[in-house]
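Notes for the one structure printed next.
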């Protein structure tokens, strides 16, 4: 009987220890979140500290953006950007104007080079006309003396025309060509069935041009249908 009582006491002691351990485990399982470093919002204290710091920085940034000095600086920056854009446009226009002036000057120089002799050529036309008339009159005359004079005048005429050709002068003598109002001046229309209408059938006075510019149109007679 004594042995049984001792066994019972040992058993009760073991059971008591187990009950205390179970109670301790239950308290651990239901411990508040603060004991593990957690808040009731489900985040740690460290995370909450970082969050609060970020929120404070955002508030500081918003305050700085709304500060009068910052607003004034933004306005000044916008003004400078607009002025820079205007200066850029002005520079581009100046460069374009300079290029146009350069091209126009080059054209003027080329035109002066090509047509600078136009006034001189116009003054020589009366000399050439007189020489042509003298040659025609001499050809109609008879005699050996007239023949020698004719040869001398023709040689002078050729030398003069050759010199003018070297400087871009061309003779316009459109006998048998179609009438061109840009190059010819019709002084008479003559009915004929020997030539198609609009054909130059006679040249009353030679024309001249300097390069591609007409100095004097040829004065011609033009055929028309009978």
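Regarding region 118-177, what are the three Cα extents along the principal axes, ordered largest first, in Å?
Ordered largest first, region 118-177 gives principal extents of 39, 27, 17 Å.
Please work out whether region 143-213 counts as rounded, prolate or oblate from its C-alpha gyration tensor, where a ≥ b ≥ c are the square roots of the eigenvalues and a/c under 1.5 means rounded, while otherwise a/b larger than b/c means prolate and anything else oblate? If you can, show how the numbers build up before the last one.
On the way: a/c = 3.66, a/b = 1.41, b/c = 2.60.
Oblate is the answer for region 143-213, as a/c is 1.5 or above yet b/c matches or exceeds a/b.
In whole Å, what is the distance between the alpha-carbon centres of region 76-90 and region 91-153?
Their Cα centres are 55 Å away from one another.
How much of the DSSP bridge set in region 93-226 is antiparallel, in percent, rounded to the nearest 5?
65 percent
Every number in this text was worked out from the coordinates using simple rules, so none of it is lab data. Bear in mind that the values here come from a model prediction, so they are computed numbers and not experimental data.
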